[in-house]
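Let me begin by presenting the structure, written as C-alpha cells, before commenting on it.
Nothing in this text is a laboratory measurement; each read-out follows from the coordinates by a stated rule. Keep in mind that this is a model prediction, so the values were computed, not measured. Note that each Cβ is placed from the backbone with ideal geometry, even for glycine, and that neighbours are counted across all protein chains shown.
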Amino acid sequence: MTKELVAKSFESIEHTYSSGFLADYEHMRGDLARLYSLAKENQWDGEHHPDIDWSTDVDPEKPFFPHEQAAIYGTEHWNKMTVKEQHRFGHEYMAWTLSQFLHGEQGALLATCQITDSVPNIDAKLYGSTQVVDEARHVEVYDRYLHKNLEIVYPVNHELKTLLDQILTDSRWDMKYLGMQILVEGLALAAFQMIRDTVQEPLIREITRMVMKDESRHVAFGVLSLQDYYGQLTEPEVKERVEFTYEASRLMRDRLLGRDVYEKLGMDVEACVELERHNELSLKFRQILFSKIVPNVKKLGLLTPDLRRGFEELGVIEYEHLPSSDDELYQPGGGLEEFADNRDGKSDVRMAS
Ligand SMILES: [Fe+2]
Ligand SMILES: [Fe+2]
C-alpha cells in the first residue's frame, strides 16, 4: 500500500462511539450462544469451496436473466437497441447490481467491526467476530466475480452510501444494529434470494447461495440482540428509531433504480428511471425486498401506527405476518431446529446498560 494509493482510493469516515470492554463474563447460553456455535460450524472458503467453480466460463454476452424482466423491455428504449446492445445492457445492469452488493458487503464489514467493538454483551461480541469474517469473504467473492468475470465495477450508489455513512457515523451501538443488521442485511437477504432463484449463470448462482447461508444468521443476530433492549426504550427513543426505519426504507426503495446504467449507456435517463419506478415487475421486485424487514421490525416492537402507515404507503405491510429471522432459525432447515422445543424466545444474557 503506497501513499498515492491511499490518497486516491481511501475515504476517511469520521465517527465517535464507545468501545465496550466488559468487566465480567456471563455464562454462554441462550440463542446468541447457539448462533455463535452455528456460525463457527458453517464457515466456508470462497477460494476453494467445491460448489464455487472459478474455472466456469462466464459469458457476459449471454443474458443473466430473461430480457422480459428488464423494466424497459418492450418499450421504445428497448426496441431501438440492437440485439448486441440489449446483451450489453443486461451485462451492465448485472454489474451495477452486483457492485452495489459488493459495496454493501464492505459497509457490512465495517459496521460489524464497530458492532463487535461497541456492543455491551460478550455473546454478541463473540458472534459479531464471526460475522466480520463472513463479510470479508463476501467482499472477496463479489470483488473477484466482478473484476475477473464481468470486468466492470460501478461506484457505490449515492443513496446506499448515504445510508452506510449514517450507520457508520451514529455513535449508538443499537442504531448500527438497526441500520445494518435489520435493514440493510434484511434487504440484501431478500435480494440474494431472488438472484439465487432466477439467475441463469451458474457461478454467480452458487456464490449467492453460499453468501445467503451466512446472511440469514446475520439478520437473526440483529433481532436476537435488540429484542430485549428495545422492549425497554422510552417513547421518544422508539419514535426516533421508527423515523429512521421509515427514512432508510424509502432510501433503499429509491436506490434500486439503475440510473447509473442508463447514464453510462447514453440512454434517456429520466424516462428510463420513470419506467423503472412504475414498471409492475420492478415494483413487485422492490416490494419483495421488504419481506424480511417488516416481520423483524414488528418483532422488535417498532411497528407503531406511524410506521404501519409508512409501510402501507410503500406497499409492503402485507409481509408483517411472515416469520421473523430469529424464529426461522428454529424452523426445519434453519440450523437450530434441534433446539426448537426448549427455546424461550429470548437471548438469556441481558445487555449491560
Ligand atoms: Fe454479507
Ligand atoms: Fe451480512
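Worth a mention:
- Per-residue ellipticity at 222 nm from helix content only, as computed over the chain with -39500 (n - 2.57) for each DSSP H run of at least four residues, stands at -18500 deg cm²/dmol.
- Difference of contour (0.36 nm per residue) and Cα-Cα distance, M212 to E312: 33.2 nm
- Pairs of Lys residues in the stretch 81-337, spaced 8 or more positions apart or belonging to different chains, with C-alpha separations under 17 angstrom: 8 in total.
- Across the stretch 81-337, the relative contact order, built from alpha-carbon pairs under 8 Å that are at least six residues apart, equals 20 percent.
- Whole-angstrom Cα spans of the stretch 126-196 along principal axes, big to small: 39, 30, 22
- In the chain, the sites counted are GluC sites (Glu not before Pro) in DSSP loop states with at most 16 other Cβ atoms within 10 Å, and the longest stretch holding none of them, exclusive of the sites, is 152-353.
- In terms of its Cα atoms, the stretch 1-101 spans 67, 38, 30 Å along the principal axes, sorted from long to short.
- Cα long-axis angle, helix 30-41 against the chain (0 to 90 degrees, to the nearest 10): 50
- Note on the stretch 157-294: Cα Rg divided by 2.2 N^0.38 Å, N the number of residues, gives 1.17.
- Comparing the stretch 43-197 with the 2.2 N^0.38 Å rule of thumb, its C-alpha radius of gyration ratio is 1.20 (two decimals).
- Restricting the calculation to alpha carbons of the chain gives Rg and Dmax of 20.6, 67 angstrom.
- Span from the the stretch 181-204 Cα centroid across to the the stretch 277-345 one, whole angstrom: 15
- In plain terms, the chain from T2 to R88 could stretch by 27.4 nm, reckoned as 0.36 nm per residue minus the Cα-Cα distance.
- In degrees, nearest ten, helix 235-255 long axis to first principal axis of the chain (Cα): 20
- The angle separating the long axis of helix 269-278 from the principal Cα axis of greatest extent in the chain is about 60 degrees.
- Only aspartates and glutamates eight or more places from K3 in sequence, or on another chain, were considered; those with a Cα closer than 16 Å are E11.
- Rg then Dmax, both in Å and based on the Cα atoms of the stretch 103-153: 13.2, 42.
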